[in-house]
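A quick write-up on the structure given underneath.
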Amino acid sequence: MDRILSFDSGTTNTKVFVYSQNGVLVNSSSRQIDITFPYPLFAEQNCEDWVSALTRAITKIADKKNISGISGSFQGGTFVLLDKHLLPLRPAITWLDNRGRDISKNFVARFGRKFFYNKTGFVPGGWSCVALIRWLKENEPDVFNKVARISFVADYINYFLTGNFVLDHTNAAITTLYNIKKRQWDDEIIGLAGINKNMLPEIVDAPNIIGKLKKSFAEDTGLKEGISVLAGGHDQYCASLGAGAAEKGKILVSCGTAWVLLAATRDIVFDRLMQFAPGPHVVPGIHGLMAALSNGGIVYAWGKNILRKHPVSFNKPSSVIVVPDFNTSNGAICNLSLSTKPREVLQAIVESLCFQVRHSLDRIGKILPEGEEISQIVMIGGAAKDIHVANLLSTITKKQVFLPEIKEAAGFGAMSLFNLRHKCKINLSGVVIEGDKNLHHTYDEMYRNYIGLRNLLLKE
């Protein structure tokens, strides 16, 4: 029976999976990838590690003779400068890099937030490719003058697989160089970055076959030469497909370092407040609407580390209020008393993260077209492993929460792109959680207090 090899090329790990035609995980492997922080605001990688980690992880997989196709999910926004020989001119700049902060501020001051948002779906920040590429052009001219190609993780790996620099629309959109209405690189934005289209890869739909596996990569990994390679997609969009959230009425809550919310929409939906980023989905014919809660998993992990000896059962609402904006120094822990127990603080942290999700859901409810209301949260990632957190999220948001059984949604989603091509669907099993309706009134009041305190601290 034919099998599919999918992979998830993440920021710090590359994971490889082999699935049967009916979606059963047969084998898996992983390799770490280093990331360096040479200066404040800098975050870099060696692009060769993207390929070597994938190669080594595939090599560990046994019995590869029945694998008939490859598809990947990729970290988005990370890029490398290549010379005319397709060799890297310097380390790759990751999406965690923020050295373009001042340049992005100047862009916004000159052109306005709406100029960028209405084109790309994003307001540029220090992390955005348009600002980072411009920074390299201005600060490393000797290097930049040798640039023949700018390559992102997806097309760089796809080149080594097939010989073609190709990436999909979801990975193109995350670069802030892409026009989401025209579905192509944006001439004006590219001009601001100081580059031209010839430097950028071809863009195709995620389920498209972009070529056949090269002999050299096949020999290095033990795979068969000539098997089909799909374009693949951005990791969050692949996770949306893999977790069953790429449907009307559902929203993915991916609980990683940041908590990412991603809803599937029929049409491109713009947010007047520019809090949600619209963009193409890996599923042809639909779009995504995405927001990131930067104080999500990282604050949850901080709380668990500090208070790890104090398990939380969430039997009743906490009297403590937490505003988890710790990365901006605007966070706060309030209502402490001499009788406050550590577990109450940890519970309050989790409650605050759920309040953040509710706040985002309130916003998305105002901008979604009629008939596309969110009825179910599909929850994946670290916090989703704790049934108490999932139950609390359901209670506070008043939404049903679905916990899919699959453990690696991005990798499963990359595999599922083959199913899209053949118009077949794998039914997902999992746990459906309905929160405690008896606590709705209490948490409504707590939510109002949270919003009031947050607005005071953030001066909103």
(message) So for region 3-234, averaging the separation of alpha carbon pairs under 8 Å that are six or more residues apart and normalising by length, what relative contact order in percent results?
(response) 20 percent
(message) Need one number: % antiparallel among DSSP beta bridges in region 3-234, to the nearest 5.
(response) 65 percent
(request) Do me a favour and compute the ellipsoid semi-axes for region 3-234 from its Cα gyration tensor, root of five times each eigenvalue, largest one first, whole Å. (result) 32, 18, 16
(request) Under a cut-off of 25 Å between alpha-carbon atoms, report the lysines in cross-link reach of Lys316, not counting same-chain residues fewer than 8 places apart. (result) Lys304, Lys341, Lys385, Lys398, Lys399, Lys437
(request) Average the reciprocal distances over every distinct pair of alpha-carbons in region 43-125, invert the result, and give the Kirkwood radius in Å. (result) 16.1 Å
(request) Based on the mean of other Cβ atoms within 10 Å per residue, sort peptides 226-233, 396-403 so the most packed one is first. (result) 226-233, 396-403
(request) Provide the gained length on full extension for the span Arg110 to Glu225, in nm with one decimal, where the gain is 0.36 nm per separating residue minus the Cα-Cα distance. (result) 36.3 nm
(message) Can you tell me the length gained on complete extension of the stretch Ile306 to Glu405, counting 0.36 nm per residue apart and subtracting the Cα distance?
(response) 32.7 nm
(request) Describe numerically, in nm with one decimal, the distance between label points set 7 Å from Cα along Cα→Cβ at Lys425 and at Thr59. (result) 4.1 nm
(request) Please tell me which of these pairs span more than 30 angstrom C-alpha to C-alpha: Lys15/Lys212; Lys214/Lys250; Lys64/Lys84? (result) Lys214/Lys250; Lys64/Lys84
(message) Only bridges whose two residues both fall in region 267-412 count here: according to DSSP, what percent of them are antiparallel, nearest 5?
(response) 70 percent
(request) Among DSSP beta bridges whose residues both lie in the chain, state the antiparallel percentage, nearest 5. (result) 70 percent
(request) Taking the Cα centre of the chain as origin, work out the dipole magnitude from +1 charges on Lys and Arg Cβ and -1 charges on Asp and Glu Cβ, in debye rounded to 20. (result) 200 debye
(message) Placing +1 on the Cβ of each Lys and Arg and -1 on the Cβ of each Asp and Glu in the chain, which of Ser30, Ala92, Val299 has its Cα farthest towards the positive end of the resulting dipole?
(response) Val299
(message) Cut-off 17 Å, label point 7 angstrom out along Cα-to-Cβ of Arg183: give me the residues of region 255-287 whose amide nitrogen falls inside.
(response) 265-269, 278-287
(request) Determine the dipole magnitude for region 36-128: charges of +1 sit on the beta-carbon of Lys and Arg, -1 on that of Asp and Glu, nothing else is charged, the reference point is the Cα centre, and the result goes in debye to the nearest 20. (result) 360 debye
(message) Suppose the chain between Asn46 and Glu202 were pulled fully straight at 0.36 nm per residue; how much longer would it get relative to their current alpha carbon spacing?
(response) 53.9 nm
(request) Quick one: order Cys129, Cys238, Cys47 by neighbouring beta-carbon count within 10 Å, fewest to most. (result) Cys47, Cys129, Cys238
(message) Straight-line reach only, C-alpha to C-alpha below 19 angstrom: list the lysines that Lys181 could link to, leaving out same-chain residues fewer than 8 apart.
(response) Lys114, Lys119, Lys197
(message) Give the aspartates and glutamates whose C-alpha is closer than 15 Å to that of Lys224, dropping any in the same chain fewer than 8 places away, or say none.
(response) Asp2, Asp63
(message) If you fit an axis through the alpha-carbon atoms of helix 297-306 and take the longest principal axis of the Cα set of the chain, what angle between them do you get, 0 to 90°, nearest 10?
(response) 60 degrees
(message) What are the extents of the Cα atoms of region 1-100 along their three principal axes, in Å, largest first?
(response) 49, 28, 19
(request) Averaging sequence separations of C-alpha pairs under 8 Å and six or more residues apart, then dividing by the length of the chain, give the relative contact order as a whole percent. (result) 14 percent
(request) Using the 2.2 N^0.38 Å rule of thumb for compact globular proteins, work out how region 275-387 stacks up: its C-alpha Rg over that value, please. (result) 1.25
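Each value in this text was obtained by applying a stated rule to the coordinates, not by laboratory testing. Worth saying up front: this structure is predicted, and the values here are computed from it rather than measured. Reconstructed Cβ throughout: ideal geometry from the backbone, glycine too, with neighbour counts over all protein chains shown.
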